[in-house]
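For reference, the structure is listed below as structure tokens.
Derivation of every value follows stated rules applied to the coordinates shown; laboratory data play no part. This is a predicted model, so every value here is computed, not measured. All Cβ positions, even for glycine, are placed from backbone atoms using ideal geometry, and neighbour counts span all protein chains on display.
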Amino acid sequence: MTGLLTLDGLVAIAPVLILLLLFEWLDVFHLMGWRETAGVLLLGALAGISAYPVSGRLLDAMPMGFSFYSRFVAPWIEEALKGAAILVLFARNRIGFKLDAAISGFAVGAGFSVVENVFYLERFGHLALGVWMVRGLGTAIMHGATGATFAIAAHQLNERDARRPGVRWRLHPAHYLPGYLVAVAEHVLFNQFPDRPQLAMLTILIVAPLVVLLVFRFGIREAEGWLAAEAQEHRQALEALRAGRYPQSEPGRLIEALAERLSGRTPADAIRAYLQVQTEIALRAEEMLGAEAAGHRTPFADAILFDRQRALRDQLGRTTLALLAPVMPFSRNELWEMRELERKAGRRHDDRPARG
């Protein structure tokens, strides 16, 4: 492990992590704390470890040789492993906005590249500093860029489902295949210049950050539009709920009908109160994220909301919450926003009841 402590090790590993920190600093929503970043990096690292049996120890025994493998075979395997790690984040609803997808995808690629370069340092630590510059400023950035490409494309193709109330995550291969194919194409193209590695390094070092920053610019405007529209809908719903009525929407009518059917064992007022507190949390999350995008930090005076939420869940019980879950008027994106509010408020999030 001594190679990691040398200048070679720093050049091979540090640049992609520094660029990841820069992207997080530029994120006006402050979506990823250090725990979340460490978790996503670890996910990418696990993908890198999974690639090692083929790309590492077994590579030299393959008859097609390193050059052919690295140029035409490795991209398919490595992008599939990174893509699987990003799929975990989508399945667990850990990606909300498009810029969140870009950062998370880049972080997965960064974790992958760190593991890959650690393996290379251990096996080829005698190589010149120029090799590690190409790997740290070129290959590692490429892994982050292709991870971001996959995540951005997947977010775009899943956007409709993510914003529809009551839609649960399902694996639709058609939503992820385009991003995977583009990521593989980028990876293959990068590997086509083994005789001119500096050119590949400079190209990816210039293009990748610019593309991510353009996604940031577009993603911020898109997210602000979402937040404004969702906040308006939730304000209208709260107006009805605070007046003792249900919102005049399809979910509102379904919940009202369910409350009437359950009136023998569950107080109707408790169900309406639960819908109200959930709506208040969603609105507060949208206001908080909108304020942060505008450069304002808001105080977290939300403990009473989460206390009421927990008390109402206890009162309603698991059975009623399970019956309510399919008709609650919150999308996966809104549930993610509510989780962000709770995370930023420093409180423990309980996934199971929140899906109700």
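When Lys and Arg each count +1 and Asp and Glu each count -1, what net charge do the other residues less than 9 Å away from Glu286, Cβ to Cβ, add up to? Show your work: numbers first, answer last.
On the way: positive: Arg284; negative: Glu230, Glu287, Glu334, Glu337.
In short, -3.
To the nearest 20 debye, what charge dipole does the stretch 160-276 have about its Cα centre, counting +1 at the Cβ of each Lys and Arg and -1 at the Cβ of each Asp and Glu? Let's see the in-between values first.
Details: 15 positive and 12 negative charges, 64 e Å.
Taking the Cα centre of the stretch 160-276 as origin, the dipole is about 300 debye.
Between Ala268 and Asp314, what length comes free when the chain is fully extended (0.36 nm per residue of separation minus the Cα-Cα distance, one decimal in nm)?
Full-extension gain reported as 15.1 nm.
Helix 98-124 versus the longest principal axis of the chain: what is the Cα-based angle in degrees, 0 to 90, to the nearest 10?
30
Quick one: go through the stretch 157-184 and flag any residue whose amide nitrogen is under 20 Å from the point 7 Å out along the Cα-to-Cβ line of Arg261.
Within reach of a label on Arg261: 165-168.
Given the C-alpha centroids of the stretch 277-341 and the stretch 152-186, what is the distance between them in whole angstrom?
Measuring centre to centre over Cα atoms gives 25 Å.
Please determine, in degrees from 0 to 90 and to the nearest 10, the orientation of helix 173-190 with respect to the longest principal axis defined by the Cα atoms of the chain, where the helix direction is its Cα long axis.
Tilt relative to the chain: about 30 degrees.
Summarise the long-distance tail of P(r) for the stretch 244-354 by giving the % of C-alpha pairs beyond 17 Å.
Roughly 54 percent, once rounded to a whole number.
Which three extents, in angstrom, do the Cα atoms of the chain have along their principal axes, listed largest first?
For the chain, the Cα extents along the three principal axes come out at 75, 41, 33 Å.
Which trypsin sites (Lys or Arg not before Pro) in the stretch 247-277 pass both tests, a DSSP loop state and at most 15 other beta-carbon atoms within 10 Å?
Filter output for the stretch 247-277: Arg265.
Can you tell which of Ala257, Phe330, Tyr246 lies farthest toward the positive end of the dipole of the stretch 244-354, using +1 and -1 charges on the Cβ of basic and acidic side chains (Lys, Arg; Asp, Glu)?
Ala257
What is the local net charge at Gln315, summed over the other residues whose Cβ is closer than 15 Å to its Cβ (Lys, Arg +1; Asp, Glu -1)?
Around Gln315, the charge tally is +3.
Once you list every other residue whose beta carbon is under 12 Å from the beta carbon of Ser104, what net charge do they have if Lys and Arg are +1 and Asp and Glu are -1?
Once positives and negatives cancel, what remains is 0.
Please work out how much length the chain gains when fully extended from Arg245 to Ala229, using 0.36 nm per residue of separation minus the C-alpha to C-alpha distance, in nm with one decimal.
Taking Arg245 through Ala229 to full extension adds about 3.6 nm, to one decimal.
Full-extension gain between Ala325 and Leu214, please, as 0.36 nm times their residue separation minus the C-alpha to C-alpha distance.
Stretched out fully, the Ala325 to Leu214 stretch lengthens by 36.2 nm.
Given Cβ point charges of +1 (Lys, Arg) and -1 (Asp, Glu) and nothing else, what value in debye, to the nearest 20, does the dipole of the stretch 287-343 about its Cα centre take?
Computed charge dipole of the stretch 287-343: roughly 240 debye.
Taking the Cβ of each residue in Ser263, Ser249 as the centre, tally the other Cβ atoms inside 10 Å and list the residues starting with the fewest.
Working: Ser263 12, Ser249 15.
Sorted ascending by nearby Cβ count, the order is Ser263, Ser249.
Mind putting a number on the dipole of the chain about its Cα centre? Charges go on the C-beta only, +1 for Lys and Arg and -1 for Asp and Glu, and I need it in Debye to the nearest 20.
780
Pairing the Cα long axis of helix 74-91 with the longest principal axis of the chain, what angle in degrees results, from 0 to 90 and rounded to the nearest 10?
20
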